[in-house]
1. Somewhere in the range A:107-121, is a residue surrounded by fewer than 18 Cβ atoms within 10 Å (Cβ to Cβ) and either touching a strand residue (DSSP E or B) at 6+ places or on another chain (Cβ under 7 Å) or not assigned by TED's automatic domain parsing to the domain that holds A:GLN37 (or both)?
2. Restricting the search to the range A:219-236, which residues are small (Gly, Ala, Ser) and either closer than 13 Å to A:ASP254 by Cα or surrounded by 12 or more Cβ atoms within 10 Å (Cβ to Cβ) (or both)?
3. Of the residues in the range B:63-101, how many are of a type in the set (Val, Ile, Thr), touching a Lys or Arg at 6+ places or on another chain (Cβ under 9 Å) and either at pLDDT below 95 or in a strand (DSSP E or B) (or both)?
4. Please find, among A:ARG22, A:ARG90, A:ARG40, the residue that is open to solvent by 30 Å² or more (accessible area, probe 1.4 Å), more than 14 Å from chain B (Cβ to nearest Cβ), in a loop (DSSP other than H, G, I, E, B) and at pLDDT 90 or above.
5. What helices (runs of 4 or more DSSP H) completely inside the range B:431-479 contain at least 2 residues that are over 23 Å from B:GLY346 (Cα atoms) and open to solvent by less than 100 Å² (accessible area, probe 1.4 Å)?
6. I need a count of the residues in the range B:81-101 that are among the β-branched types (Val, Ile, Thr), open to solvent by 40 Å² or more (accessible area, probe 1.4 Å) and closer than 29 Å to B:CYS220 by Cβ.
7. Return the pair list, or none, for Cβ contacts closer than 7 Å from residues in the range B:158-170 that are without any contact (Cβ under 8 Å) to a residue 24 or more places away in the chain to residues that are outside any loop (DSSP other than H, G, I, E, B), at least 6 apart or on different chains.
8. Scan the range B:363-421 for residues that are of a type in the set (A, V, I, L, M) and either open to solvent by 70 Å² or more (accessible area, probe 1.4 Å) or assigned by TED's automatic domain parsing to the domain that holds B:ILE67 (or both) and report the count.
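The values are calculated or read from the model by the stated rules, or taken from the named source; none is laboratory data. This one's a predicted model, so the numbers in the text were calculated from it and none came from an experiment. So basically every Cβ, Gly included, is an ideal-geometry build from the backbone, and we count neighbours across all protein chains shown. For the accessible areas, the whole protein counts, side chains as well, though only heavy atoms, and no ligand, DNA or RNA atoms are used. Shrake-Rupley method; radii C 1.70, N 1.55, O 1.52, S 1.80 Å.
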Amino acid sequence: MKNQKCKGMQDLLPADMLRFRRVEDTFRSCCHNWGYQEVRTPTLEYLYLFTATGTLTPGMLGKVYSFLDWDGWSGERIVLRPDGTIPVARLYIENLGDQELARLFYVTDIFAFEGTGKENRERWQCGAEFFGGAKFAADVETILLAEEVIRRLGIKNVELRLSHAGLVKALLKEFRLSPAEEAKMTSRILEGDWQALTKVKSARPEIARLMASLLSLKGKSSSFLHNVRASFPKASRDFMSSLKDFIEVTELLDDLGCSYEIDITAIHGFEYYTGICFQFVSSRERIGGGGRYDRLVPLMNGKEVPACGFALYVDHIMKLLPLEKEKRGESGILVKGKVLTPEVVRTCFAVAESLRDAGHAAELSFTGREKSDYRWVISVSGKEPSPFVLRDCVRKRRREVASLAEIIDIIGTK
Amino acid sequence: MIITQLKHQCVKFALPKGRFLSSTADLLAGIGLGFDGYSDRAKQYRLRSATFSNLSAKILQEKDIPIQVAVGNYDLGICGADWIEEYLVKYPTGALVKVASLNYGQGSIHAATSAQVGITNLNDLSVRKNDCRIVSEYPNLAEAFALNLRMRKFRIFPVWGAAEAYPPENADLVVLWGIGRAHIAAQGLIPLEKLLPVTAFLVANRESLENKDLSQILTCFDSQLGTEPQTSMEQELDICKDMKILCPSWQAREINLALPDGHQQIPAAQFLKRAGLALQGYSEEVVSRRPAADLDWLGIKVIRPQDMPLQVANGNFDLAITGEDWLLEHLCRFPSSPVKKLFALGFGTVKIVAAVSQEMPVNDIDELRSLVQRSPSVVGAPLKVASEYINIADRYLRDNHINPYRLIPTWGASEAFLPEDADMLIDNTQTGKTLEQHRLKVLDVLFQSSACLIANKDSLASSRKKERIEFLTQKLRGG
């Protein structure tokens, strides 16, 4: 049959949805336990929301799905949400801006054009944002929350990689590039081309050396950052203050026994990060990431509110979860009509309704072609004196039953 | 002349109308690839090569060539680098390949502004917090420019033409073609940056290049490739000297009226004369984007009729003379738009028709619908419909349950697309002669359209403007 699905889109089949819901339910339950509240933003937003802050790269903005609405004669373009954080920041500013602290989470799809045909153009994210969260304690909170979700999902061999956007920006400043060159270099870095930095000719050999060592060495504790500080005493004030911030986060993680790797390249795609950035990687795939973005809310005309957050990439995580069968065996009940007469069908509906009222899941069948993994099967013949046959699929027993009340009595109420 | 057979398959070439026609014809004749009848007076769109028996060509609007080559309707094409980049910036992974720059064509795409806007360099644009209105015939290039500059808030207004007329009142920035900085300045604009040099380019379809043997044709171009075109400053100044463009002197007026250029200009000028509205700079002889009226409260601008409904909806103009076809096209796209037709003016009457090739075995739209449903292979599924009125065409096809269909937007002369590149057209016709010449038949008349006066509903309701508008419409009713 001809494929009629829109290019770059995906269908989620029952087996996929079981895994999807497992991710979502685990995420939702962890967020509630940490005091986060769920929000949902619309699929359509104004394009300028994403250009106004200057926080998405031209490359990303070139891939948004934007169009004019039916009343768009003013030229105001709208987009299919290309990012999860910016709409939530807008929601916070517009509705919750008076709250000093807001812990919010969401499960959403985001849209971006992808030309190779290998990746989805609609991707799902589980994200949490902490507005007003003070410095390193909030950073560590979001890292540990993300880590808990991943752990409870049972994903193995996950690496936590840490970087610091303020540190990278301060380092970039040390190269003393022209504003245009610096913007170009920032875009290249954010699109993952870190090697570009090693090719920049710097008049200051110590900066090139610092860059090279940060790119090649991967620290495993805060000691590494102390060593960096001691090796480059003449670095700029911005660099030193970012490094101090970075050290505070890593020291707290050390104390809490959370293992990580310091990898300066662990920043991806977004320019709005200002402080610590982190990524979770499993089987060479990024399964989540986040960081601190203190400038975003003020840039969107909100108050000077610091913030941090993360997103877990549901599509990637689902691939790491085992396929599971829908488990019905323990409680599923099949109500089966022996013949397709109005009377038998009516009785079947009444039996199923009573069972559902008693708290059971009850499925109907009139075809005789049902699956076999039920706990109980009730055959309805409508013939007196025993219109029902009840089969216990676990104990492999079969008995004739005279009334609905008797069935409920045997099966029990949930 | 000896006519040789190209190896293997037939090869199709898309050749440009308009600005590059005569230089392209000279080039092709010079390299022995001439096509009979490829001249300014060309009567036919379809041409045959005088050299290769299985090489054919079609004359298309330059803007249409990149997409026609990309979708594989043509193996090769020649058009300006501006239209190629306009396509590639939006569809970088498409099947359009730039083969070589040809050494003719001149000018560049510039970003320009007007002195009154208050922008003096690109940095002003990056840090500007206010909304920036950008008008251009190249909306994709304009958007890429705005994104690369990281402009905070911008709106792009794609226009059919006359982009230079919009700043400062109706746009802050314009992305347009010009020979050089002096040419841009001669239009009363300040050039900010050269975005792209424009020369004629030879382009090819990726698949054709990969699978077909085009070598005999490409070899003909050998001698012409690689040399860069030169436009000297003197040449440019000469051209500017010859231009009769009046530099705009601008001041805010109470009522703004848009008048049409192109085919509509002469009948519109005659109509206004009959109505007793004396204008300087709006006649056959004088081309001014800003004619002057003897009413000091009336501001007038000359723009494309296609662009007027949107500009009136935006409040850039209170009134405009356009066609009913373009008003309906706008209303199909923006159903709640605050634009209203006041009255028809009785000139520029055309019929908007749906037409197909005479060979197609259908006589009306109902028969076409059953044909598309019953035997899609006869018409090719989906049905390809060429139109310059894409929103009218979309609605018409939907309302008539023609399914599936695909629209091919054109820039006029849709008849050139049938029957090879489209199955049906929805376009305007005055007498039906052109359709007849191209062996097409009309299946349906969608509606009749003539010039009309349109107004912005908010302007009509404004106590400040009401009286002046009333005065003007009374005068025009007498035309």
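1. Yes; the residues of the range A:107-121 include at least one that is surrounded by fewer than 18 Cβ atoms within 10 Å (Cβ to Cβ) and either touching a strand residue (DSSP E or B) at 6+ places or on another chain (Cβ under 7 Å) or not assigned by TED's automatic domain parsing to the domain that holds A:GLN37 (or both).
2. Of everything in the range A:219-236, those that are small (Gly, Ala, Ser) and either closer than 13 Å to A:ASP254 by Cα or surrounded by 12 or more Cβ atoms within 10 Å (Cβ to Cβ) (or both) turn out to be A:GLY219, A:SER221, A:SER222, A:SER223, A:SER231, A:ALA235, A:SER236.
3. 1
4. The conditions single out A:ARG40.
5. Counting at least 2 such residues, we get B:457-461.
6. 1
7. Between residues of the range B:158-170 that are without any contact (Cβ under 8 Å) to a residue 24 or more places away in the chain and residues that are outside any loop (DSSP other than H, G, I, E, B), the close pairs are B:PRO158/B:SER136; B:PRO158/B:PRO139.
8. 1
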